[in-house]
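Beneath this line is the structure, given in structure tokens, with notes to follow.
Every number in this text was worked out from the coordinates using simple rules, so none of it is lab data. Remember, predicted model here, so these are calculated numbers, not experimental data. With ideal geometry, Cβ positions are generated from the backbone for all residues, glycine too; neighbour counts draw on all protein chains shown.
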Amino acid sequence: MPRLTKIYTKKGDTGTTALGGGQRVSKDNLRVQVYGTVDELNSVIGVALASGLCTRLDEVLRLVQNELFDLGSDLCFLEEDKGKFSIPEIQSKSVVALEALIDEMTAIVGPLENFILPGGAIGSAHLHVARTVCRRAEREATTLAGEDGVGEHVLAYLNRLSDALFVMARYENHQRGVPEPLWKPGG
């Protein structure tokens, strides 16, 4: 694990940062943007957790936060550098675990019979924000995959996580006894 003895280094004062492999790139580099959005997602999930989610979601999301650090690690290295370093990467087992979670929670909340609006309980609302940040990370990672490459399971993980966050938001409302806000076309 990295040991941070000093928080500021002044190396980024000119608008550059280092990737995991040591290459200096602009702070607006697409790869930096993607893992920055993943960091933002992790922070939004932290806010959702701080709002006091039900026990099952608290348990699951703490694991997801750790996986998002693995994902950030996966993204901050160029694909050709990954063989030179021992880094955490997102694994297929994490994608499979999200699928099982979606199935478990959908069995409890039932099938979606109408479009729902983001909201309901405060924790549910925070999870909907996390879902939208996750979708943005997925879009950015898709662009990066086409331009520079990403880890084998990055896109599937983000896709499945955004679906899981949607179901988790529904689950939180269900556990709190808060009705899902339904979309009413035309107002």
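Using the alpha carbon gyration tensor of the chain, what are the three equivalent-ellipsoid semi-axes (square root of 5 times each eigenvalue), largest first, in whole Å? Provide the component values of the computation, followed by the final result.
Details: eigenvalues 217, 56, 52 Å².
Here the semi-axes work out to 33, 17, 16 Å.
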Given charges of +1 on the Cβ of Lys and Arg and -1 on the Cβ of Asp and Glu, with all other atoms neutral, how large is the dipole of segment 6-111 about its Cα centre, in debye to the nearest 20?
580
Given springs between every Cα pair under 10 Å in a Gaussian network model of the chain, which of 97, 125, 169 has the largest fluctuation?
97
Once you charge only the Cβ atoms, +1 for Lys and Arg and -1 for Asp and Glu, what is the size of the charge dipole of the chain about its Cα centre, to the nearest 20 debye?
620
Over all Cα pairs of segment 82-165, the Kirkwood radius sets Rh, and Rg/Rh then becomes 1.05
Work out Dmax and Rg for segment 123-187 from the C-alpha atoms and quote the Rg first, both in angstrom.
14.9, 46
To test your reading of the geometry: what angle, between 0 and 90 degrees and rounded to tens, separates the Cα axis of helix 92-109 from the longest principal axis of the chain?
20
Taking the 0 to 90 degree range and rounding to the nearest ten, how far is the long axis of helix 55-76 tilted relative to the main principal axis of the chain, both from C-alpha atoms?
30
Per DSSP H run of n ≥ 4, the term is -39500 (n - 2.57); total these for the chain, divide by its residue number, and report the mean residue ellipticity at 222 nm rounded to 500 deg cm²/dmol.
-20500 deg cm²/dmol
Measure out, as a whole number of angstrom, how far apart the alpha-carbon centroids of segment 4-60 and segment 153-179 sit.
21
